[in-house]
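Take a look at the structure below.
The values are calculated or read from the model by the stated rules, or taken from the named source; none is laboratory data. A quick note: this is a predicted structure, and the numbers were derived from the prediction, not measured. Here the Cβ positions follow ideal geometry from the backbone for every residue, glycine too, while neighbour counts run over all protein chains shown. For the accessible areas, the whole protein counts, side chains as well, though only heavy atoms, and no ligand, DNA or RNA atoms are used. Shrake-Rupley method; radii C 1.70, N 1.55, O 1.52, S 1.80 Å.
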Amino acid sequence: MTELRDDFFEVMRGLKAEPSKPISLLEFGPPLVGEGHQQEQIADVLFRLEREGVIRLLAGNRFELTKPRV
C-alpha cells in the first residue's frame with residue numbers, strides 16, 4: 001500500500017494539485033492503473049487518505065487535497 005500511496009502523490013505532483021483544486025478520478029485513475037494498481041486498491045487509498053484528512057471526496061467522481069502535501 002505504501003507504493004500506491006507514493007504513486008498517488010507522484011500523480012498529484014504531475015497534475016499540479018493544490019488544496020481546493022478538484023481533481024477528477026478520470027484524470028487521476030488511469031496513470032495509477034497503468035502502474036499496475038487495481039481499482040479496488042486505489043479506492044482503498046482514497047478512503048484512507050480521506051480518513052486521515054489529506055483529501056476530501058467530492059460529488060461527481062472528484063476529490064481535492066486539503067493539505068499542501070504535494
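When you go through Phe47, Phe28 one by one, which is the residue that is out of contact with any helix residue (DSSP H, G or I) (no Cβ under 9 Å at 6 or more places or on another chain) and either part of a helix (DSSP H, G or I) or without any contact (Cβ under 8 Å) to a residue 40 or more places away in the chain (or both)?
Values: Phe28 fails: out of contact with any helix residue (DSSP H, G or I) (no Cβ under 9 Å at 6 or more places or on another chain).
So the residue among Phe47, Phe28 that is out of contact with any helix residue (DSSP H, G or I) (no Cβ under 9 Å at 6 or more places or on another chain) and either part of a helix (DSSP H, G or I) or without any contact (Cβ under 8 Å) to a residue 40 or more places away in the chain (or both) is Phe47.
Being out of contact with any Lys or Arg (no Cβ under 9 Å at 6 or more places or on another chain) and in a strand (DSSP E or B) is the filter; apply it to the range 50-60 and report the residue that is surrounded by the most Cβ atoms within 10 Å (Cβ to Cβ).
So the residue we want is Arg56.
Among the residues making up the range 26-46, those that are more than 15 Å from Met12 (Cα to Cα) and surrounded by 12 or more Cβ atoms within 10 Å (Cβ to Cβ) are His37, Gln41, Ala43, Asp44.
The set of residues from the range 13-70 being farther than 19 Å from Thr2 by Cβ and among the basic types (Lys, Arg) comprises Lys16, Lys21, Arg56, Arg62.
Scanning the range 8-25 for residues that are open to solvent by 30 Å² or more (accessible area, probe 1.4 Å) and either in contact (Cβ under 8 Å) with a residue 60 or more places away in the chain or part of a helix (DSSP H, G or I) (or both) yields Glu10, Arg13, Gly14, Leu25.
The lone criterion from (1) modelled with pLDDT of 95 or more; (2) buried (at least 17 other Cβ atoms within 10 Å of the Cβ); (3) out of contact with any strand residue (DSSP E or B) (no Cβ under 9 Å at 6 or more places or on another chain) left unmet by Phe63 is number (3).
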